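The values are calculated or read from the model by the stated rules, or taken from the named source; none is laboratory data. What you are looking at is a predicted structure, and each value in this text was computed from that prediction instead of being measured. No Cβ is skipped: glycine too gets one built from the backbone with ideal geometry, and neighbour counts run over all protein chains shown.
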Amino acid sequence: ELEISLKVVIVGNGAVGKSSMIQRFCKGTYTRDYKKTIGVDFLEREIEVDGEDVRLMLWDTAGQEEFDAITAAYYRGAHACVLAYSSTDRDSFDAIPSWKLKVENECGEIPTVLVQNKIDLVEQCVVDPDEAERLGRALGCKLLRTSVKEDIGVMSVFRHLASRCLHE
Ligand code: GDP
Ligand code: MG
């Protein structure tokens with residue numbers, strides 16, 4: 001039987017929770033001081049989506065995003081994308097359109113989801129919900145909200161992308 005493998009890139013400013021999201025989804029764990037495993041480009045997990053077994057390869061960066069130094073190899077062959085920002089970091093929200101452009105320049109139009117992480121930190125939220133919805137509409141991306149810490153919404157992000165990829 002044909003196995004479907006999808007490369008998913010996760011982009012956004014540093015500290016929004018990208019590595020934590022990958023670790024949560026692929027290993028089921030969460031730590032406050034997550035350090036990328038040196039030498040590992042991606043983690044993977046297989047899930048069933050619409051009756052198909054889909055292998056998702058989630059590509060992480062080693063912090064190059066903070067120096068705007070992600071290489072073309074990171075994006076090469078990506079099938080889907082997560083644009084991530086943090087509820088508590090206004091700059092990370094404002095940077096989303098430029099992250100979208102970078103992905104588009106390297107990958108063209110691929111299924112992409114906008115993700116607001118750290119929704120457990122409601123009191124410190126600096127992004128108005130309507131504004132976030134508007135940005136999602138402007139970019140043509142569904143907006144999903146997650147708390148990687150509390151394990152809320154993470155599965156939905158990857159199910160949504162896998163399903164989009166299967167039906168395109
Ligand atoms: P990256 O730089 O985007 O890869 O971000 P990291 O995954 O390294 O996460 C940065 C920090 O945010 C770490 O201390 C994480 O534990 C923390 N973090 C990640 N997700 C959440 C979340 O949903 N809620 C809270 N409160 N903290 C989170
Ligand atoms: Mg990271």
Completion exercise
Out of (1) within 25 Å of K27 (Cα to Cα); (2) part of a loop (DSSP other than H, G, I, E, B), the one V126 does not meet is (1)
Practice task
Can you tell me which residue within the stretch 51-76, out of those that are out of contact with any Asp or Glu (no Cβ under 8 Å at 6 or more places or on another chain) and in a loop (DSSP other than H, G, I, E, B), is farthest from ligand 2 (Cβ to nearest atom)?
Solution key: G51
Practice task
Go over the candidates G108, G77 one by one and state the one that is closer than 27 Å to E48 by Cβ and not charged (D, E, K, R).
Solution key: G77
Handout entry: Selection status of D120, in a loop (DSSP other than H, G, I, E, B), out of contact with any Cys (no Cβ under 8 Å at 6 or more places or on another chain) and more than 13 Å from ligand 2 (Cβ to nearest atom)
Key = yes
Exercise for the section: For K100, work out the one condition from (1) outside any strand (DSSP E or B); (2) within 16 Å of ligand 2 (Cβ to nearest atom) it doesn't fulfil. Expected result: (2)
Practice task
For G63, state whether it is at pLDDT 95 or above, more than 13 Å from the chain's Cα centre (by Cα) and at positive phi.
Solution key: no
Handout entry: Within the stretch 50-67, considering residues that are free of Cβ contacts under 8 Å to residues at least 60 places away in the same chain and out of contact with any Lys or Arg (no Cβ under 9 Å at 6 or more places or on another chain), the one farthest from I96 (Cα to Cα)
Key = G51
Problem - Residue among L144, L135 that is at pLDDT 95 or above, crowded, with 17+ Cβ neighbours inside 10 Å and not in a helix (DSSP H, G or I) - result: L144
Fill in the blank from the handout: Note on Q116: of the conditions (1) within 15 Å of ligand 1 (Cβ to nearest atom); (2) under 14 Å from the mean Cα position of the chain (by Cα); (3) over 22 Å from V148 (Cα atoms); (4) free of Cβ contacts under 8 Å to residues at least 40 places away in the same chain, unmet is (3)
